[in-house]
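First up is the structure itself, then whatever we jot down about it.
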Amino acid sequence: MKPRLAILLGSVAAVLTALVAASPRVVAADKVDPAADAKAFQNFFFQKFPKLKPEEFVNGPYSMDEGLKRQWQEKEEFPPYEFALDAGKEMFATPFKNGKTYADCFANGGIGIRQNYPYFDTREGKVITLELAVNRCREANGEAPYSYVKDEMASLTAYMAFTSRGKPFDIKIPDDPRALEAFENGKRYFYTRRGQMNFSCASCHVQSPGERIRAEILAPALGILNAMPIYRSEWSGMGTTSRRFVTCNSQTRAVPLEPQSDEYRDVEYFLSYVSNGLPISGPGARP
Amino acid sequence: MASTIRVRATSNGDITEVQALIQHPMDSGFIKDAKGELIPAHFIQELKFEYNGKDVFVADWGPAVSKDPYVKFSFKGAKKGDEIKISWVDNKGASDTTTAKIS
Amino acid sequence: MSKTTGKPFQLALVLLSIAATPAFAATEADYKAAYAAAEAASKEAVALRHQWTTTVSTLSAAKKAADSGDFDRATAAAKEAEALAKASIYQATSEKEAWKAMEIR
Amino acid sequence: MNATTGPLATRRLILQGAVTVALIGLGNLPFGIAPARAAANDKYPEDAFKQKSQADAIKALYGKTAEPSDKIKLDAPEIAENGAVVPISVTTTLEKVTSISFLVAENPNALAASYRIPDGTIPTIANRLKMAKTTNVLVLVEADGKLFSAAKEVKVTVGGCGG
């Protein structure tokens with residue numbers, strides 16, 4: 001099979017590059033300044049793709065290629081996430097065994113709040129994602145938690161994202177050194193090369209968006225989480241941000257971390273924050 | 001259980017445009033599951049649209065139609081508020097039926 | 001894809017030479033020693049959260065070959081797994097600073 | 001990229017040889033539960049769907065050959081984003097259209113979908129098909145008892161024999 005061959009060939013090169021001594025352009029006196037980071041991050045993409053409007057970045061690879069865009073628009077006439085969305089709406093409205101509902105766990109009854117997730121919980125000192133909050137809500141009401149990667153979780157959050165469509169990402173970093181540290185951790189994770197392919201998240205989604213890597217057109221990192229959860233044709237189904245992180249890791253031949261591990265939560269925090277101001281477009285459809 | 005069939009039928013003068021999306025695995029019979037065993041073929045064979053007791057569109061499908069299949073067509077003679085009936089049957093004998101109002 | 005270029009590190013040469021090494025008569029003891037070394041390096045990579053999928057698969061290939069009594073192949077695979085694990089450890093260590101080179105700022 | 005592991009490795013799409021294909025095809029076709037149809041020519045064209053090659057499928061379905069027509073407009077992407085879901089549509093100015101069929105030359109079985117077009121239905125269809133690899137999509141339009149065709153190549157980089 002073709003992909004195998006490509007991987008084998010790539011593998012030798014990857015091992016070599018993996019071992020190339022990293023050029024340590026050590027940057028002096030790093031002060032964590034999320035606002036400046038977000039500004040630089042967005043400017044980078046706006047300059048790289050001067051023709052795109054900021055809000056178009058949330059459409060991922062479809063903003064990068066005309067042929068793809070047309071296929072997407074045709075699919076959007078009756079999008080493949082339609083069933084998940086309907087299921088999620090029903091789940092959201094269905095009370096737990098104790099009579100309470102998801103609406104009781106969230107601000108504004110859970111409607112139109114997706115753009116505020118993840119947030120930093122200053123009591124706990126950790127990043128709380130929407131999926132995590134959903135499972136905590138379930139467990140607090142005596143229900144079993146959902147899988148973090150697909151199925152019910154993807155359907156439920158698809159509906160929650162849908163009620164936030166068009167609302168700009170509004171991630172806050174509270175004045176708490178632990179929040180800054182979480183942001184910094186997420187940033188480090190995003191730029192760190194891993195796996196035998198020696199790719200970081202940025203290798204694909206900062207350096208090469210719009211280019212084809214084998215079959216796929218790479219999505220820009222800016223706005224990439226605004227579309228979550230997504231229906232991926234490659235999965236023939238829905239998946240959450242966690243699922244995407246897991247598959248990204250595997251694709252670089254790195255053993256994925258546990259969904260909702262601290263690293264994944266932090267990188268979601270970082271990536272969401274730097275996309276502040278861009279509208280929620282989820283649920284999305286992707287190749 | 002919710003219907004497996006989603007329909008949008010919109011009237012535009014004399015012409016009614018119909019779009020349908022159906023929840024079905026459309027397993028081709030060529031894919032293996034996690035255990036390496038082939039998933040048997042399972043696909044919708046016939047999808048029928050009726051208006052006024054008459055067929056207006058009939059799809060005969062094989063396993064090469066995508067998962068959660070989609071189809072769009074148009075027909076003449078119906079008007080806003082009329083109903084169309086949609087039904088499918090698959091190769092295992094399962095079926096579903098629904099009606100939709102033309103808007 | 002990579003914008004980093006430079007001299008291949010010595011480990012890479014070791015790794016490539018293993019792949020090219022002709023079959024030699026390895027004993028069960030050779031295999032066990034090689035496997036233990038590979039496993040240790042692999043565990044270190046896991047602790048660093050930088051494990052490679054190929055290390056895992058090569059380790060299990062080594063075990064499988066050993067189970068079928070093919071200690072030549074088992075030993076070669078174990079050594080390859082060790083080299084992969086060491087490369088991933090090197091990656092983890094060097095990236096502690098190197099990631100900043102890619103940062104948008 | 002399919003280099004996934006564990007439970008996510010659901011897309012090991014293996015195109016088996018012809019023998020396996022035939023066996024599976026037979027093994028899963030339920031005999032005797034096909035719904036009753038009103039008329040004989042209304043039957044599900046089971047035989048046509050079982051044919052491997054395009055030529056055999058056309059023969060089984062229509063029993064005649066098609067001639068190319070510039071009155072058929074076949075719309076398909078140059079490069080499919082994913083072979084599992086390729087949006088393909090057709091429209092034609094031919095008159096008295098009674099059926100439209102889509103074939104994918106190099107799929108295990110060429111015939112993908114066949115639509116019956118009664119009087120009063122406009123010969124314009126959009127659907128989504130699976131494509132195993134880069135190949136021609138062929139559309140056949142039966143009009144006034146004759147058979148016409150149009151074709152377009154679609155490049156497939158991620159094979160879609162999957163779900």
Provide a single number: the residues in the range B:66-89 that are more than 7 Å from chain D (Cβ to nearest Cβ), surrounded by 17 or more Cβ atoms within 10 Å (Cβ to Cβ), at pLDDT below 95 and farther than 21 Å from residue D:97 by Cβ.
-> 1
In this structure, does residue B:59 turn out to be within 8 Å of chain D (Cβ to nearest Cβ) and at pLDDT below 95?
-> no
Considering only helices (runs of 4 or more DSSP H) fully contained in the range A:164-277, which possess at least 1 residues that are within 23 Å of residue A:135 (Cα to Cα)?
-> A:177-191, A:241-251, A:262-273
Given the conditions (1) away from chain D (no Cβ under 14 Å); (2) surrounded by fewer than 16 Cβ atoms within 10 Å (Cβ to Cβ); (3) in contact with a Pro (Cβ under 8 Å, 6 or more places away or on another chain), and given that residue A:103 satisfies all but one, which numbered condition is not satisfied?
-> (3)
Of those in the range B:2-14 that are away from chain A (no Cβ under 11 Å) and surrounded by 15 or more Cβ atoms within 10 Å (Cβ to Cβ), the residue farthest from residue B:51 (Cα to Cα) is B:11
Please find, within the range B:15-42, the residue that is surrounded by the most Cβ atoms within 10 Å (Cβ to Cβ) out of those that are more than 14 Å from chain A (Cβ to nearest Cβ) and touching an Asp or Glu at 6+ places or on another chain (Cβ under 9 Å).
-> B:16
Output yes when any residue across the range D:134-157 is free of Cβ contacts under 8 Å to residues at least 40 places away in the same chain, within 12 Å of chain A (Cβ to nearest Cβ), assigned to a loop (DSSP other than H, G, I, E, B) and within 25 Å of residue B:29 (Cα to Cα), and no when none is.
-> yes
From (1) in contact (Cβ under 8 Å) with a residue 12 or more places away in the chain; (2) surrounded by 14 or more Cβ atoms within 10 Å (Cβ to Cβ); (3) closer than 15 Å to residue D:122 by Cα, pick out the condition that doesn't hold for residue B:55.
-> (1)
Return yes when residue C:86 is away from chain A (no Cβ under 12 Å) and modelled with pLDDT of 95 or more and no when it is not.
-> no
Can you find a residue in the range D:33-44 that is surrounded by fewer than 21 Cβ atoms within 10 Å (Cβ to Cβ), away from chain A (no Cβ under 14 Å), modelled with pLDDT under 50 and in contact with a helix residue (DSSP H, G or I) (Cβ under 9 Å, 6 or more places away or on another chain)?
-> yes
Do any helices (runs of 4 or more DSSP H) entirely within the range C:20-105 hold 1 or more residues that are in contact (Cβ under 8 Å) with a residue 40 or more places away in the chain and under 15 Å from the mean Cα position of the chain (by Cα), and if so, which?
-> C:28-47, C:71-98
In the range A:73-90, the residues that are modelled with pLDDT of 90 or more, surrounded by 16 or more Cβ atoms within 10 Å (Cβ to Cβ) and in a helix (DSSP H, G or I) | A:82, A:83, A:84, A:85, A:86, A:87, A:88, A:89
Among the residues of the range C:46-105, write down those that are among the polar types (S, T, N, Q), within 21 Å of residue A:247 (Cα to Cα) and surrounded by 22 or more Cβ atoms within 10 Å (Cβ to Cβ).
-> C:51, C:53, C:54, C:55, C:58, C:88, C:91
Close pairs from the range A:127-156: first at pLDDT below 95, partner part of a strand (DSSP E or B) and among the hydrophobic types (A, V, I, L, M, F, W, C), Cβ under 6 Å, at least 6 apart = A:150/A:238
What residue, of A:178, A:188, A:193, is more than 14 Å from chain D (Cβ to nearest Cβ), buried (at least 21 other Cβ atoms within 10 Å of the Cβ), charged (D, E, K, R) and out of contact with any Pro (no Cβ under 9 Å at 6 or more places or on another chain)?
-> A:193
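Which fully enclosed strands (runs of 3 or more DSSP E) of the range D:70-116 have 1 or more residues being within 14 Å of chain A (Cβ to nearest Cβ) and surrounded by fewer than 23 Cβ atoms within 10 Å (Cβ to Cβ)?
Of the strands (runs of 3 or more DSSP E) lying wholly inside the range D:70-116, those with at least 1 residues that are within 14 Å of chain A (Cβ to nearest Cβ) and surrounded by fewer than 23 Cβ atoms within 10 Å (Cβ to Cβ) span D:72-75, D:86-92.
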When you look at residue C:12, is it at the interface with chain A (Cβ under 7 Å from one of its Cβ atoms), in a helix (DSSP H, G or I) and modelled with pLDDT under 95, yes or no?
-> yes
Please state which of the following conditions residue D:141 fails to meet, knowing it meets all the rest: (1) over 14 Å from the mean Cα position of the chain (by Cα); (2) of a type in the set (A, V, I, L, M); (3) closer than 21 Å to residue D:55 by Cβ.
-> (1)
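The values are calculated or read from the model by the stated rules, or taken from the named source; none is laboratory data. Everything quoted here is computed from the prediction, not taken from an experiment. Quick reminder, even Gly has a Cβ in these numbers, built from the backbone with ideal geometry, and neighbours come from all protein chains shown.
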